[in-house]
1. Counting only residues that are assigned to a loop (DSSP other than H, G, I, E, B) and of a type in the set (Phe, Trp, Tyr), how many does segment 4-57 have?
2. Search segment 1-49 for residues being small (Gly, Ala, Ser) and closer than 16 Å to GLY73 by Cβ, and hand back the single one that is modelled with the highest pLDDT.
3. If TYR52 satisfies every condition in (1) surrounded by 14 or more Cβ atoms within 10 Å (Cβ to Cβ); (2) of a type in the set (Phe, Trp, Tyr); (3) under 24 Å from ASN10 (Cα atoms) but one, which is the exception?
Amino acid sequence: MEINVKKNKNQILFELEGSLDIYTSLDLKAALEEHVKGSSPEVIIDMDKLTYIDSSGIGILIKALNYVQGLNGSLCVANLKPVIEKVFKVSGLTSYFEILTPEDFKKRYPA
C-alpha cells in the first residue's frame with residue numbers, strides 16, 4: 001500500500017492506494033502517529049485508490065478515529081468505492097465514521 005500525506009494548516013490528508021490489510025495496517029498507524037500531532041487536527045482519509053480492506057484495516061481506522069478524537073480533532077473517510085463502502089455498511093461503521101462523497105470531499109479539501 002502507498003500512503004501519500006498532504007498537509008494544509010490543521011488539515012491532514014492521507015491518500016491510500018492499494019490494500020489496507022493485516023500486512024499494511026501498521027504502515028497507516030505509523031503514518032498517522034508521525035503526522036497527526038497537536039490539538040484539533042482535521043484528518044481526512046481518501047480511499048479513492050484503495051482496492052481492498054480487511055478487519056485489520058478496519059481496526060486501524062477505528063484506533064485512528066479514537067486517537068484523533070482524543071486530540072479534540074475529527075477524522076473522516078472519503079471516496080469509498082462500492083466494495084469498500086459495502087464493508088463499512090456490513091460492519092456497521094457508516095454510523096461511526098463521517099463518510100464524504102466525492103462532492104463533499106472536493107468542498108472540504110479543494111485541490
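1. Of the residues in segment 4-57, the ones assigned to a loop (DSSP other than H, G, I, E, B) are 9-10, 21-24, 36-41, 54.
Within this subset, residues satisfying the condition of being of a type in the set (Phe, Trp, Tyr) are 23.
Result for segment 4-57: 1.
2. Going residue by residue through segment 1-49, those that are small (Gly, Ala, Ser) are 18-19, 25, 30-31, 38-40.
Adding the requirement that they be closer than 16 Å to GLY73 by Cβ leaves 31, 38-40.
Values: ALA31: 96, GLY38: 80, SER39: 79, SER40: 87.
Among those that are small (Gly, Ala, Ser) and closer than 16 Å to GLY73 by Cβ, it is ALA31.
3. (3)
For (1) free of Cβ contacts under 8 Å to residues at least 60 places away in the same chain; (2) in a loop (DSSP other than H, G, I, E, B); (3) surrounded by fewer than 15 Cβ atoms within 10 Å (Cβ to Cβ), each residue gets a yes or a no:
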position	(1), (2), (3)
GLY59	yes, no, yes
LYS63	yes, no, yes
ASN72	yes, yes, yes
LEU75	yes, no, no
LYS86	yes, no, yes
GLY92	yes, yes, yes
TYR96	yes, yes, yes
PHE105	no, no, no
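The values are calculated or read from the model by the stated rules, or taken from the named source; none is laboratory data. As the structure is a computational prediction, the values presented were derived from the model and not from experiment. All Cβ positions, even for glycine, are placed from backbone atoms using ideal geometry, and neighbour counts span all protein chains on display.
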